[in-house]
Amino acid sequence: MLELINVNKTFNVGTANEKKALDNLSLTLNDEDFVTVIGGNGAGKSTMLNAIAGTFRIDSGSIILDGMNITSLPEHKRAAFLGRVFQDPQMGTAPSMMIEENMALAARRGQRRGLSWGISEAERTQYYELLKSFDLGLEDRMTTKVGILSGGQRQALTLLMATIKKPKFLLLDEHTAALDPKTAAKVLALSEEIVTREKLTTLMITHNMKDAIRYGNRLVMMDEGRIVLDISGEAKKKLTVAELLAKFSEASGHDETSDKMLLS
Amino acid sequence: MTSLLNALPGAVSQGLIWGIMAIGVYITFRVLDIADLTVDGSLATGGATCIMLIRAGLNPWVALLIAFAVGMIAGFVTGILHTKCGIPAILAGILTQLSLYSINLRIMESKANQPVSVDKYPLLVSSRHVGGFTLKNPIFLMIIIAIVLITVLYWFFGTEKGCSIRATGANSNMARAQGINTNSNKILGLMLSNGLVAVSGALLAQYQGSADVNMGRGAIVIGLAAVIIGEVIFGKIFKQFWLTLLAVVIGAVIYYVVLQLVLMMGLNTNDLKMLTAVIVAIFLAIPFWKNKIAGKRLGKKEASKDA
Ligand SMILES: Nc1ncnc2c1ncn2[C@@H]1O[C@H](COP(=O)(O)OP(=O)(O)OP(=O)(O)O)[C@@H](O)[C@H]1O
Ligand SMILES: [Mg+2]
């Protein structure tokens with residue numbers, strides 16, 4: 001279980017660009033929740049995920065993981081129980097390193113890194129099978145530098161790396177936004193398959209209303225650093241895009257047409 | 001022509017010694033993606049430490065090891081200034097470099113230059129023996145040292161620890177997301193780099209028979225020149241990590257041979273540093289220019305498509 005309790009974060013305090021990105025945000029994630037997160041640009045979705053990941057210190061509030069307070073745990077230590085895929089395909093992989101080296105780095109997440117060899121033969125065969133199951137044609141290019149892969153291939157690889165060592169939580173930040181529709185659908189399907197198979201507790205940000213409704217068991221909507229809607233179970237299954245848009249205007253008090261532009 | 005042949009062994013020896021320094025620069029500049037200016041100071045620190053210890057009667061190999069350790073301390077200081085005090089890496093390096101100038105003078109008992117005679121002490125390398133076909137010829141020992149170092153570094157950067165240093169330099173964001181402490185890896189990389197640079201300084205001081213407080217001035221540029229020459233000449237064919245390191249060492253040798261050539265063609269020694277700087281500036285700018293030109297071409301194509 002992951003709890004965010006009254007989390008606040010303001011960027012650029014005391015400047016003209018001061019921005020309250022998280023405003024007394026509280027959210028409880030139960031084990032095996034698959035939550036889709038929607039909200040307009042600048043609503044604070046990425047900031048919420050980054051707060052969980054520990055990219056920055058929050059101003060106030062606490063983050064509790066299975067009863068353990070991780071509010072001041074540094075980012076690299078939190079990585080032990082987090083898998084992350086970013087919006088930008090460049091962010092999740094080391095471009096100058098080989099595919100297999102990237103995977104080996106991810107497989108050691110949360111472990112002490114010593115002077116034993118960075119990748120073993122046994123791992124190579126294991127990675128080969130894994131990549132093959134992903135069906136991207138990457139299994140025969142394991143010694144290729146990641147830098148020359150396409151965005152979609154990199155995102156799929158990042159997804160694989162995020163889950164190669166089973167994380168407690170999977171954080172997906174618009175991870176298909178930069179991909180063409182066909183590749184996006186494929187990576188999304190892969191994500192769901194892994195989440196279901198491994199029973200991962202997942203937060204997935206998306207701007208696609210249909211995806212937000214179709215995937216996961218729970219949907220939250222954010223606006224101005226707060227959660228303005230939280231629907232789960234049967235109620236969520238019955239949602240339609242039109243209803244969701246209406247609910248968004250209702251909850252945030254914005255005018256519906258401008259929201260349509262932001263959300264669709 | 002004969003004078004060139006006579007000068008060649010000396011140039012090759014110096015190139016091999018500077019090659020170790022260039023490997024250190026490669027580790028920060030290419031692996032960690034940090035321009036570390038500590039090296040101008042730590043090269044002289046290595047020389048000063050080693051020479052003073054040899055003069056005190058210590059075994060030169062032990063003195064070399066201690067020089068390595070002292071260089072690592074210098075790198076550690078820069079690393080702490082950068083990661084724990086939030087000082088930009090370049091500035092952190094300059095601060096350490098400046099303070100090392102004072103420290104180096106302290107080490108050398110307030111003298112700007114301390115000689116060490118090959119007649120009195122069992123030096124590892126000396127320009128005195130550069131001509132002969134004996135085991136004392138510095139070229140032999142330097143080739144062995146270079147091979148050992150490249151092997152050890154190839155091993156190290158293949159280990160889990162070494163991989164995490166490489167990931168830190170390649171994408172620190174990804175590294176942290178994979179649980180790697182990027183700060184401590186940067187510190188470790190800076191320590192390793194400056195340790196090697198100090199070893200290079202220690203060998204250089206023995207080779208030329210004295211440690212000098214100014215021996216590291218502009219060292220970073222020579223190191224970069226070696227890295228770049230290695231990449232330009234061998235980049236297309238040398239892909240593996242150990243070959244890249246080898247290319248860097250060969251790059252340093254080429255640098256010194258070419259230097260010897262232009263000196264013999266009558267170039268004024270005083271103009272050398274500027275010549276090196278200009279060459280390095282040009283080669284650092286080439287990738288940028290290439291991108292720009294490619295971008296312009298692309299822009300033109302797009303424009304003609306629209307029309
Ligand atoms: N590192 C930062 N420095 C300054 N301001 C920031 C930073 N990160 C986010 N912000 C600001 O905080 C607000 C919330 O940003 P955030 O990235 O969380 O939005 P988002 O909901 O993910 O939007 P999008 O859908 O566009 O990705 C924005 O106004 C943004 O400009
Ligand atoms: Mg975002």
What number of residues in the stretch A:83-96 are away from ligand 2 (no atom under 16 Å from the Cβ) and either surrounded by fewer than 23 Cβ atoms within 10 Å (Cβ to Cβ) or more than 8 Å from every other protein chain (Cβ to nearest Cβ) (or both)?
3
Which of the residues belonging to the stretch A:200-228 are among the acidic types (Asp, Glu) and within 11 Å of ligand 1 (Cβ to nearest atom)?
A:223, A:224
Apart from one, (1) farther than 24 Å from residue B:230 by Cβ; (2) at pLDDT 85 or above all hold for residue B:307; the odd one out is (2)
From (1) more than 8 Å from chain B (Cβ to nearest Cβ); (2) surrounded by fewer than 23 Cβ atoms within 10 Å (Cβ to Cβ); (3) touching a helix residue (DSSP H, G or I) at 6+ places or on another chain (Cβ under 6 Å); (4) within 16 Å of residue B:167 (Cβ to Cβ), pick out the condition that doesn't hold for residue A:147.
(3)
Residue B:237 vs (1) assigned to a helix (DSSP H, G or I); (2) farther than 25 Å from residue B:77 by Cβ; (3) among the β-branched types (Val, Ile, Thr): all pass except (1)
Picked from the stretch A:51-73 (must be within 16 Å of ligand 2 (Cβ to nearest atom) and surrounded by 17 or more Cβ atoms within 10 Å (Cβ to Cβ)), the residue farthest from the chain's Cα centre (by Cα) is A:51
Please find, within the stretch B:213-244, the residue that is surrounded by the most Cβ atoms within 10 Å (Cβ to Cβ) out of those that are of a type in the set (Lys, Arg) and more than 14 Å from the chain's Cα centre (by Cα).
B:239
Which residues, taken from the stretch A:105-127, are at the interface with another protein chain (Cβ under 7 Å from one of its Cβ atoms) and either within 21 Å of residue A:171 (Cα to Cα) or of a type in the set (A, V, I, L, M) (or both)?
A:105, A:106, A:108, A:109, A:110, A:115
Could you tell me which residue of the stretch A:10-67 is farthest from residue A:206 (Cα to Cα), considering only residues that are in contact with a Ser or Thr (Cβ under 7 Å, 6 or more places away or on another chain) and away from ligand 1 (no atom under 15 Å from the Cβ)?
A:62
Being buried (at least 24 other Cβ atoms within 10 Å of the Cβ) and not β-branched (Val, Ile, Thr) narrows B:192, B:153 down to just B:192
In the stretch A:120-134, is there at least one residue being away from ligand 1 (no atom under 16 Å from the Cβ), surrounded by 21 or more Cβ atoms within 10 Å (Cβ to Cβ) and part of a loop (DSSP other than H, G, I, E, B)?
no
Subset tally (residues that are away from chain B (no Cβ under 11 Å) and closer than 14 Å to residue B:173 by Cα) for the stretch A:51-82:
1
Flagged in the stretch B:196-212 as surrounded by 24 or more Cβ atoms within 10 Å (Cβ to Cβ) and either closer than 30 Å to residue A:103 by Cβ or not polar (S, T, N, Q) (or both), in numbering order, are B:196, B:197, B:198, B:199, B:201, B:202, B:203, B:204, B:205, B:207, B:211
Output the residue which, of all residues in the stretch B:116-174 that are small (Gly, Ala, Ser) and within 21 Å of residue B:47 (Cβ to Cβ), is nearest to the other protein chains (Cβ to nearest Cβ).
B:146
How about the stretch B:1-55: which of its residues are small (Gly, Ala, Ser), surrounded by fewer than 24 Cβ atoms within 10 Å (Cβ to Cβ) and within 12 Å of residue B:193 (Cα to Cα)?
B:35
Could you say which residue among B:11, B:22, B:35 is touching a Gly at 6+ places or on another chain (Cβ under 7 Å) and either of a type in the set (Val, Ile, Thr) or farther than 18 Å from residue B:123 by Cβ (or both)?
B:22
Looking only at residues that are more than 16 Å from ligand 2 (Cβ to nearest atom), among the polar types (S, T, N, Q) and loosely packed, with under 12 Cβ neighbours inside 10 Å in the stretch A:10-50, which one is farthest from the other protein chains (Cβ to nearest Cβ)?
A:17
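Scan the stretch B:108-132 for residues that are crowded, with 16+ Cβ neighbours inside 10 Å and either farther than 24 Å from residue B:39 by Cβ or under 22 Å from the mean Cα position of the chain (by Cα) (or both) and jot them down. Before the answer, list the steps.
Filtering the stretch B:108-132 for residues crowded, with 16+ Cβ neighbours inside 10 Å gives B:108, B:114, B:116, B:118, B:121, B:123-127, B:129-130.
Answer for the stretch B:108-132, where residues must be crowded, with 16+ Cβ neighbours inside 10 Å and either farther than 24 Å from residue B:39 by Cβ or under 22 Å from the mean Cα position of the chain (by Cα) (or both): B:118, B:121, B:123, B:124, B:125, B:126, B:127, B:129, B:130.
The values are calculated or read from the model by the stated rules, or taken from the named source; none is laboratory data. As the structure is a computational prediction, the values presented were derived from the model and not from experiment. Cβ atoms come from the backbone with ideal geometry, glycine included; neighbour counts cover every protein chain shown.
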